[in-house]
Structures are given as structure tokens and as C-alpha cells.
Amino acid sequence: MKEEKKFVIYMLTAFVLAWILQLVGIMGAFSGRIMVYQGALAVSMYMPLLAVVIANKGIRRIKTGIEWGCHFKKNWKRFLIAWFLPAAATILGAVLYFLVMPEKFDMNCGALAQTLEASGVMVDAEGKIQGIPFAVMVIMQWMAAITYGPFVNTFAAVGEEAGWRGYMTPVLSKWLGKGKALILSGIIWGIWHAPVIVFAGYEYGRGYAGEPVLGVLMMCGFTTALGIILSYFYEKSQSIWIPSLIHGAINAVAGLPLLYMKEMPQHYLLGPTPAGLLGGIPLFVLGIVLFIRMYKEEKSREKV
């Protein structure tokens, strides 16, 4: 019963504290204080880690439960994959989206111009800001998102990964088996985002059919696929920093395909972001492949 009690404490702490912060951020967004919204969401990412600490009654007791070492000598290839895989999957997903919906594509970055003008930035007739073309600005954003962006975001993402992959998924795997645990943990992770999806249009925007329930369900599908990928790399690397880097890289690059749309859409359930139905196809396919591989490996171990 001790492990069950710890898990209940973990879940309550991870959800209640994060949802309070998300609601604070939502109220900030409604009042025009975007920095409050972004800051509250960033802090909420540490709540799963804090929940592990609280459930285990102190930081010392979680040292052996979560693999904090980098093990760079054996994991350097995995670090490279973690660094660049999210960008490759995002670009491929965006290409698939725009191939299906070519009328949405705008190489001149109409969505970026619309966003900048809405925020009060002056855009000249040639589509430049202080003499800098949109194309150059977008390239600069891509370079930042692919080079140092993933590493900066890693230090926020580790707050979630230590909780979801480092503690929750292994515990569920002991109780339910690997396959069920991966699916359930992905759904839990998706529901954890529910307040910002319901009230702030997080990831999917507003005004779509089935809002907001469909958005939450879509998020659960996305987090399940991504969670399988993150769990696979955590299990293989025995380092929480590998899934944290993947998570950070996804956060760095996910919104950039929106800049290539003719205008900023009201909602984007289909894409071009990797959380969309079309934009997320590469991650969904990879998630399915790795799920099958992990399931087979578990069955093989059971036979030994």
C-alpha cells in the first residue's frame, strides 16, 4: 500500500499545483499580461518533479529512482538523435500538411506579418522590419530553435520528464505492464494540459468543432505518441536528460511551421504543428514503431 499511497500523493500534487499555475497564467493572458501566462506555464513544468520530491519525502530519496547521469560516452549518439529528431519530424510533418493543403502555404510568411502587425510592430510594404526580410527572420528563428533552443528548453522540460518518465511510467509499468502503462501515462500527461487547452486554446486554437473536448483528446493522442518515444529513449539511455532534450527540442521548434501559413489560423487541429493530425504523422508513426518494439522486448524478457 505504501507505493500506492506515494503514487496518489504524486498525482494530486502534480495536477493540483500545475493546474493552479495554469489558471493563474490563463487569467494573466485574459488581462493582456502574456509574460504572466508564459511564466506560469514554465513554472508548472516543474510540478511533476516537485510532486516526486513530495511523494518521496525529500530530494535524497529520489536519487536512485530517477537516472540523473548523462552517461555521455555511451549515449552521445542518442544525444544527437534527441537534438535533431524533433526538428526533422516537425519539418516532415509540416511538409505533409502543406502537400495536403497547398492553399495554406505562403513562402512570404503572411502569418508572421499578421502576428507582428497585431502586436504593433511596423511592417513596410516590402514585407521587411527595419530592412530585414521576413525570410531572413524566419531562418534566424529556425537556427535558434535547432541550435541552442533545445538545450535552453531542456532545463524546463526536465521538470516534467523526471515526473512522467522518471517516476510515473516505471511505476505504472510495474503494476500494469509496459504496453498499458505507456498508453495510460500518455493520456494522463495529455489531461494534465486540459486547463490551458480549454480556456486558452493551447496547441489547437479556438473555434473548432468539438471544442474543447476534441482538443483535449487530440492532445492525449499527441502526448501518448510522444510519451512512447520519450520512454523508449529514457529506457535505452538510462538518462533523464535524453527525453528532456527531445521534449525541449519539440517545444523549441513546434510552432515555427505556423509562420509559413498565409494567415494565422483560428485553429490548427490538422497542423502544421507536430501536435496536429497531419503535422504529427511522423511522430505518431515513430511512436507506433517504438511501442511495438518495446512490447516485443517485454514479451521476450518474460519468456526468459
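The values are calculated or read from the model by the stated rules, or taken from the named source; none is laboratory data. As the structure is a computational prediction, the values presented were derived from the model and not from experiment. Cβ atoms come from the backbone with ideal geometry, glycine included; neighbour counts cover every protein chain shown.
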Candidates PRO243, PRO274, PRO282 - the one that is at pLDDT 95 or above, surrounded by 20 or more Cβ atoms within 10 Å (Cβ to Cβ), more than 19 Å from ARG165 (Cβ to Cβ) and in contact with a helix residue (DSSP H, G or I) (Cβ under 7 Å, 6 or more places away or on another chain): PRO282
All positions within region 255-267 that are surrounded by 22 or more Cβ atoms within 10 Å (Cβ to Cβ) and either outside any helix (DSSP H, G or I) or small (Gly, Ala, Ser) (or both): MET261
Qualifying residue in region 246-253 (condition: surrounded by fewer than 22 Cβ atoms within 10 Å (Cβ to Cβ) and either of a type outside the set (Gly, Ala, Ser) or farther than 21 Å from LEU85 by Cα (or both)): yes
Matching option when the condition is under 15 Å from the mean Cα position of the chain (by Cα), within 30 Å of MET107 (Cα to Cα) and without any contact (Cβ under 8 Å) to a residue 24 or more places away in the chain, among GLY255, GLY280: GLY255
Verdict on THR115 being polar (S, T, N, Q) and modelled with pLDDT of 95 or more: no
Given (1) touching a Ser or Thr at 6+ places or on another chain (Cβ under 9 Å); (2) in a helix (DSSP H, G or I); (3) over 17 Å from ARG78 (Cα atoms), index of the condition PRO243 fails: (3)
Filtered residue count, region 146-173, keeping only those that are more than 14 Å from the chain's Cα centre (by Cα) and closer than 18 Å to PHE291 by Cβ: 5
Index of the failed condition, LYS299 passing every other in (1) surrounded by 21 or more Cβ atoms within 10 Å (Cβ to Cβ); (2) farther than 28 Å from TYR148 by Cβ: (1)
Selection count, region 30-49, where residues are buried (at least 19 other Cβ atoms within 10 Å of the Cβ) and part of a helix (DSSP H, G or I): 7
Residue within region 83-90 that is at pLDDT below 90, assigned to a helix (DSSP H, G or I) and either of a type in the set (Val, Ile, Thr) or closer than 26 Å to GLN141 by Cα (or both) present: no
Index of the failed condition, VAL95 passing every other in (1) within 27 Å of TYR148 (Cα to Cα); (2) modelled with pLDDT under 95; (3) in a helix (DSSP H, G or I): (2)
Single match in SER173, SER185 (criterion: over 19 Å from ALA40 (Cβ atoms) and touching a residue at least 12 places away in the same chain (Cβ under 8 Å)): SER185
